[in-house]
Amino acid sequence: MGKQIRFYISNDSKMDFINYVFSLGYRVFSEKYFPNTGSQCIEHIDNDTIDDWHLIFYKDSYGKLCYNENQYNRVDVVHSPVVEFMDTIIHNKGNYISDGRIWISNKNVFDGECARECFTSDYTKLVKWIKKNIPRQEYFNGKQVLKGYIDDELKDIYEHKYRLI
């Protein structure tokens, strides 16, 4: 369990969002799923790192990171005081778009109540950025009309040949 906000975000908006994350003082870890790689800290977002679909946002002041040793020393997102970012993915073979999200666990461990409050406040800032910069729009998922945060660029792609899931 935890808190999350789901969205459909384009690469341009993702770049703006990650730059905002850096401006808030977060350290950003890439979670590439290749054998024998752990969580790798990235210093900036650019054309080489924009395709990283799983990122972790962290500040030292929140508390210590926990690692999954049996998964190549990746950050344990359930128990660490981190925000998990999962990117929107366009699946060209199946003509569908998977939503992205930012998520926080309710089982994470903090260095005191102040760290928990700062963490929650910072997460709220990220949610507000999404709500301000990614419009809440109607879309049809094949069964019903829904509302969600969809970047205009992705809504245009969706309306022409893809379905949103």
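Arrange the following residues from fewest to most other Cβ atoms within 10 Å of their Cβ: Ile89, Ile5.
Ile89, Ile5
Taking a 30 Å limit on the Cα-Cα distance, which of the listed pairs Lys107/Lys143; Lys14/Lys93; Lys107/Lys131; Lys59/Lys93 fall beyond it?
Pairs exceeding the cut-off: Lys107/Lys143; Lys59/Lys93.
No value in this document is a laboratory result; all are computed from the given coordinates. Please read all numbers here as calculations on a predicted model, not as lab measurements. As a convention, Cβ positions derive from the backbone with ideal geometry for all residues, glycine included, and neighbour counts pool all protein chains shown.
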